[in-house]
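Remarks on the structure that follows.
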Amino acid sequence: MVFLRRLLMLMLTVAASSSLLAEDGYELWMRYRLLPKSKQVPVSQIVCPMPTARHIKQAQTELKMGLEAMLGHSVNVVDKVTKENALLIGTPLTNEWLNELDVDLRPFNEEAFVYFPAVFRGKKVHVIVAQELEGVMYGSFWFLRQLQSGKPLPKKRYYSAPRYKLRLLNHWDNLNRSVERGYAGQSIWDWHKLPEYVDPRITDYARANASIGINGTVLTNVNANAMVLRADYILKTKAIADTLRPYGIKVYLTARFSAPIELGGLKTADPLDPQVRQWWKEKVAEIYGEINDFGGFVVKANSEGQPGPQNYGRSHADGANMIAEALEHHGGILMWRAFVYDDKTPVDRAAQAYSEFKPLDGKFLPNVIVQVKNGPIDFQPREPFSPLFGALQQTPSLMEVQVTKEYLGFATHLAYLGTMWQEALASPTRRLGKQKVLDTLTGIAGVSNIGSDRNWCGSHFDQANWYALGRLAWDPTLGAERVADEWARMTFGPAVAKPVVSMLMRSREAVVNYTGPLGLTHLMATGHHYGPGPWVNNLGRADWNPVYFHRADKDGIGFDRMSAGTLKQYAPGWQEIWGKPSTTPDNLLLWFHHVPWTHRLGSGKTVWEELVSRYTSGVSEVASMQDEWAKLKNKIDPARHSQVTEFLKIQHKEAKWWRDASIAYWQSLNGLPLPNGFAPPEHSLEFYKYLSHPYAPGNTHTG
Ligand code: GCV
């Protein structure tokens with residue numbers, strides 16, 4: 001009897017755990033697990049008379065695979081409706097059956113799709129229809145998303161079109177497969193084996209991107225290597241382009257401004273030199289000879305040692321226009337980065353992009369897009385939006401965000417960036433006007449967090465940031481929470497979505513609090529940017545040093561951007577708000593103002609008390625995420641659950657490190673005691689200063 005009971009228990013345990021088989025994260029949000037009967041939407045067949053047409057082939061293959069897995073029965077692709085609950089996909093030209101239905105595709109957009117339920121010849125059907133084939137593919141991925149996330153299908157016509165034409169990933173991948181600021185292994189582009197061997201993983205990368213609407217990818221690092229423009233590398237790029245094209249993804253490269261010298265053997269790269277101009281024209285024609293839908297280039301020039309037109313006394317517009325002219329004829333675009341700072345130490349680093357580019361507004365060719373980082377400095381955990389958004393009136397701009405978490409704890413810290421991007425996108429450019437940053441853009445580019453790690457992004461939760469990039473580039477008004485909810489439902493299952501979303505939504509603010517509350521910024525250690533280094537004051541130029549950014553001494557802390565003149569770059573409404581410490585929101589106080597440690601905030605606390613309290617709450621927030629995650633132990637497969645558990649432990653340890661090291665340093669300046677009830681730093685300041693991490697990842701050089 002006892003034996004039988006034990007056997008029964010054993011069988012039950014095996015049955016329970018087999019429904020939570022170990023997962024490695026490779027499938028991303030496209031897991032297509034069997035749906036409970038109550039959540040199944042009946043789909044009997046896919047009606048697609050031209051199943052091999054471009055994009056349609058990818059759509060029907062994905063639908064068949066996803067539906068069969070989620071519904072638990074075969075779903076065949078057929079050329080006419082023979083069953084109730086058929087799914088008709090296509091354009092009116094590729095699927096003649098659609099002509100019998102009342103299809104309204106307006107407003108026309110080549111990537112938009114429409115879904116509606118209908119009755120066709122007496123049978124209930126689902127319809128996904130678009131003007132162009134891309135739209136059918138996006139609609140198919142949307143349909144799968146609805147089912148996977150347990151959301152009901154719309155009862156009426158549903159129309160969806162992307163807000164932006166440019167929805168891009170920027171890989172900072174080097175030709176030797178190292179990834180600058182990459183925390184997920186090597187580059188997924190295996191240049192050495194290309195073009196003969198294209199890793200099948202590239203097709204999965206394309207599927208994942210298409211599923212969230214990404215339609216372009218820049219393969220190489222902005223700290224560019226001219227070699228990627230060499231004939232043999234163009235063929236390698238072509239092999240990647242051929243693999244991505246069926247999924248609606250165009251390929252772009254980074255162009256090194258001095259390539260005419262390095263590759264072309266010219267003596268100069270002066271943009272006004274006729275030979276240089278001719279070299280770019282021929283090089284671009286050579287690329288289009290192999291890849292006729294090549295997207296164009298991204299250029300980082302005269303920034304952090306990269307060559308550029310200023311080396312020849314020319315402007316950014318001269319440089320950009322030269323390359324843009326070569327691309328124009330082929331329909332290519334040039335994304336010219338505004339992340340510039342020249343050799344002289346500026347009064348305020350945060351002012352440089354605007355100072356250089358605002359005067360050039362209107363001087364660029366129409367196919368130049370100025371690519372602007374979301375904040376004026378450099379992807380810090382919190383910055384105000386860049387004043388260039390809204391200020392460029394005659395030049396299109398693209399917002400660049402960093403999906404990889406160079407400044408937010410690398411891959412091991414849980415930090416959902418959807419909230420950060422929403423904050424920037426939704427900022428009104430004029431404070432009281434209607435225009436928001438998102439209205440000023442032609443697209444969004446995200447610095448990729450993708451690598452060769454089995455789970456693609458270095459951690460399971462970092463997949464949410466890749467997902468959010470695509471979804472917010474498709475519709476920047478979706479809101480971070482809704483995007484988080486979609487991702488959580490598909491990645492971990494609808495049953496745990498609520499706690500997972502709650503963790504995601506609090507995570508970025510936690511990082512802000514334990515690394516740099518109240519608008520502090522750029523306080524990290526040198527080079528690799530891993531961990532705290534607010535004391536660093538010995539780097540080659542002043543504005544590389546944390547002390548330049550926080551300006552703390554025994555009396556006060558913060559960067560006075562009134563005297564620096566930087567606030568004038570913003571519209572007058574913002575100048576009123578941010579112009580005085582009393583009207584500046586706490587979360588940007590020390591970004592805009594230098595105040596005494598004793599300055600009182602709205603809460604009644606002094607700046608010092610508030611800083612200590614926020615550092616501490618950042619650490620407690622991580623502890624609370626640990627508790628929340630621990631409760632999900634039996635609801636998430638063991639492999640993913642335990643990796644997240646371990647990573648949260650690392651995050652907690654490092655959050656405390658940031659808090660303690662920062663507080664120890666500020667105390668060494670201000671000599672103030674800790675407010676009552678707060679634990680002192682675990683170690684001395686000297687201990688924290690002594691730590692060194694020469695092999696922290698992501699700190700690569702162009703290869
Ligand atoms: C690609 C920061 C990063 C660099 C990066 C640069 C940029 O400075 O630390 O690694 O270089 O931004 O955006 O160009």
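Every number here is computed from the coordinates shown, using simple stated rules; none is lab data. These numbers come from a predicted model, not from an experiment. Cβ atoms come from the backbone with ideal geometry, glycine included; neighbour counts cover every protein chain shown.
Structure notes:
- Placing unit charges on the Cβ atoms only, positive for Lys and Arg and negative for Asp and Glu, gives the range 387-469 a dipole magnitude near 320 debye about its Cα centre.
- In the range 499-542, the convex hull through the Cα atoms has an average projected area of 4.0 nm², a quarter of its surface area.
- Percentage relative contact order, the range 225-351, counting C-alpha pairs under 8 Å, at least six apart: 24 percent
- Taking a point 7 Å out from the Cα of Lys124 in the direction of its Cβ, the residues of the range 45-88 whose backbone N falls within less than 20 Å of it are 45-47, 67-68, 70-76, 81-88.
- In sequence order, the range 221-237 has phi-based couplings of 5, 5, 7, 8, 10, 4, 4, 5, 9, 6, 3, 5, 6, 5, 5, 5, 4 Hz under the Karplus curve 6.51 cos²θ - 1.76 cosθ + 1.60, θ = phi - 60°, and Gly or Pro positions carry x.
- Restricting attention to the range 322-479, the count of lysine pairs at 8 or more positions apart or across chains with alpha carbons under 26 Å apart stands at 12.
- Amide hydrogen neighbours beyond the local backbone of Phe120, cut-off 5 Å, H modeled: Val125
- Using just its DSSP H runs of length 4 or more, each adding -39500 (n - 2.57), the chain gives a mean residue ellipticity at 222 nm of -11000 deg cm²/dmol after division by all residues.
- The range 173-310: Lys pairs at Cα distance under 23 angstrom, eight or more positions apart or on different chains: 19
- Convex hull per residue volume in Å³, alpha carbons only, for the range 354-499: 124 Å³
- Gap separating the Cα centres of the range 175-211 and the range 633-657, nearest whole Å: 27 Å
- Remark: the range 404-420, residue by residue, has Karplus-estimated 3J(HN,Hα) of 6, 9, 4, 10, 10, x, 6, 7, 7, 8, 7, 8, 7, 8, x, 5, 5 Hz, where x stands for each Gly or Pro and the curve is 6.51 cos²θ - 1.76 cosθ + 1.60 at θ = phi - 60°.
- Note on Lys193 and Asp439: their simple-model spin labels are 5.0 nm apart, each label 7 Å out from Cα toward Cβ.
- What the Cβ-Cβ distance of Arg600 and Arg230 gives, at R0 = 60 Å and to the nearest 0.05, is a FRET efficiency of 0.45.
- Amide N proximity, the range 399-413 versus Ala696 label position 7 Å along Cα-to-Cβ, cut-off under 13 Å: 405-413
- Note that the range 384-429 carries a Kirkwood radius of 12.3 Å, evaluated over its alpha carbons pair by pair.
- Under the convention that each Lys and Arg Cβ holds +1 and each Asp and Glu Cβ holds -1, the size of the dipole of the chain around its Cα centre is about 1800 debye.
- The Cα-based radius of gyration of the chain, divided by its Kirkwood radius, gives an Rg/Rh of 0.99.
- For q = 0.13, 0.16, 0.18, 0.22 Å⁻¹, Debye-computed log10 I/I(0) when each Cα of the range 575-703 counts as one equal scatterer: -0.77, -0.98, -1.06, -1.22
- When Arg430, Arg508 are arranged by Cβ crowding within 10 Å, least crowded first, meaning fewest neighbours, the order is Arg430, Arg508.
- The amide H of Lys250, built 1.01 Å from its N in the peptide plane, has Gly216, Thr217 as neighbours under 5 Å, considering only residues 5 or more places off or on other chains.
- Long-range amide H partners of Leu88 with built H, under 5 Å: Val47, His126, Val127, Ile128
- Estimated dipole of the range 275-386 in Debye, rounded to 20 [Cβ of Lys and Arg +1, of Asp and Glu -1, Cα centre]: 220 debye
- Charge-dipole axis of the chain as Lys and Arg at +1 and Asp and Glu at -1 on Cβ define it, positive-most pick from Trp279, Leu28, Val251: Leu28
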